[in-house]
Amino acid sequence: MNRFKNFRFGTLRDYVPFTILIALHLVVNQAAQAQTGSLADVSFMEGRWKGTFNGGPIDAAWAAPQGDNLAGFMRMMKDNKVTMYELLIFEQTEKGPIVLVKHFKPGLIGSEEKDVSDRYSFIEAKKNQALFEKSDGSIRIIYEKRSDNQLVIQRGNQKDGKWVFADLFVFDRVR
């Protein structure tokens, strides 16, 4: 009548492999979710920003995220002449946002080949901070809003097996 009357639960030892599999699945799933970001993680960059670099002014502007992208640019100058333009596009992918960067010399002459851009993949984000790594693993970039009126871009390089970051561009908000 009762099919389960002779059913007995096993010992704890019988459930260890199953428990390990569930725990492993949860850890891997959480790690995958932690690495997946969105454009909301970089929306703090929106606005106009001004700083100095190599003895001249540098201007930057980022539009608010819209759809699957956030677009921005930088203009670097020295002695009242442009030295470089930089176009930065954040695009949403299934694995999180990526950053595509193209550099241009005066006259809008591309520094990279026509179909080539520097590509950075999302690593992680915190409040007002996002970390990306160049596709070849050589450089990491942190975008950080340190206050309502300051935006900083830090460049990281490997040194003695650890990432060491230094401020590359420090911007003040333009009102």
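The values are calculated or read from the model by the stated rules, or taken from the named source; none is laboratory data. Given the structure is predicted, the values throughout are model-derived calculations rather than measurements. Positions of Cβ are generated from backbone atoms using ideal geometry, with glycine treated the same way; all protein chains shown enter the neighbour counts.
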Q. Scanning segment 78-92 for residues that are more than 13 Å from A40 (Cα to Cα) and not hydrophobic (A, V, I, L, M, F, W, C), which turns out surrounded by the most Cβ atoms within 10 Å (Cβ to Cβ)?
A. Y85
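For segment 63-77: of the residues being part of a strand (DSSP E or B) and surrounded by 15 or more Cβ atoms within 10 Å (Cβ to Cβ), which is farthest from the chain's Cα centre (by Cα)? Quick ask: steps written out before the conclusion?
Taking segment 63-77 as the starting set, the residues that turn out to be part of a strand (DSSP E or B) are 66, 69-77.
Adding the requirement that they be surrounded by 15 or more Cβ atoms within 10 Å (Cβ to Cβ) leaves 70-77.
Details: L70: 12, A71: 14, G72: 14, F73: 16, M74: 17, R75: 21, M76: 22, M77: 26 Å.
In this case the residue turns out to be M77.
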Q) Can you name every residue in segment 49-62 that is exposed (fewer than 13 other Cβ atoms within 10 Å of the Cβ) and either at pLDDT 95 or above or not polar (S, T, N, Q) (or both)? A) G55
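Name the single residue, out of those in segment 81-101 being in a strand (DSSP E or B) and either of a type in the set (D, E) or touching a residue at least 60 places away in the same chain (Cβ under 8 Å) (or both), that is farthest from L39 (Cα to Cα). I'd like the intermediate steps shown before the answer.
Pass one, segment 81-101, residues in a strand (DSSP E or B): 81-93, 96-101.
So of that shortlist, the ones also either of a type in the set (D, E) or touching a residue at least 60 places away in the same chain (Cβ under 8 Å) (or both) come out as 86, 91, 96-97.
Values: E86: 20, E91: 8, G96: 8, P97: 6 Å.
Among them, the one singled out is E86.
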Q.
Which pairs turn up if I take residues in segment 161-173 that are farther than 17 Å from R140 by Cα and look for partners that are surrounded by 13 or more Cβ atoms within 10 Å (Cβ to Cβ) and small (G, A, S) with beta carbon separation below 9 Å, at least 6 apart in sequence or on another chain?
A. F171/G51; F171/A60; D172/G51; R173/G47
**Q.** Sole exception among (1) among the charged types (D, E, K, R); (2) surrounded by fewer than 18 Cβ atoms within 10 Å (Cβ to Cβ); (3) free of Cβ contacts under 8 Å to residues at least 24 places away in the same chain for D148, by number
**A.** (3)
Q | In segment 77-96, the residues that are over 19 Å from I142 (Cβ atoms) and in contact with a Phe, Trp or Tyr (Cβ under 6 Å, 6 or more places away or on another chain) | A | Y85, L87
Q.
I'm checking my understanding of the structure. Among residues of segment 151-162 that are loosely packed, with under 14 Cβ neighbours inside 10 Å and not charged (D, E, K, R), which one is nearest to G55 (Cα to Cα)?
A. N157
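Answer yes or no as to whether F104 is of a type in the set (F, W, Y) and either in contact (Cβ under 8 Å) with a residue 24 or more places away in the chain or under 17 Å from L168 (Cα atoms) (or both).
No, not satisfied.
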Q. Restricting to strands (runs of 3 or more DSSP E) lying wholly in segment 127-175: which have 3 or more residues that are among the basic types (K, R) and out of contact with any Cys (no Cβ under 6 Å at 6 or more places or on another chain)?
A. 140-147
Q | Residue in segment 135-150 that is under 22 Å from G55 (Cα atoms) and among the basic types (K, R) present | A | no
Q) What are the residues in segment 45-89 that are more than 19 Å from Y120 (Cα to Cα) and in contact with a helix residue (DSSP H, G or I) (Cβ under 8 Å, 6 or more places away or on another chain), if any? A) A64
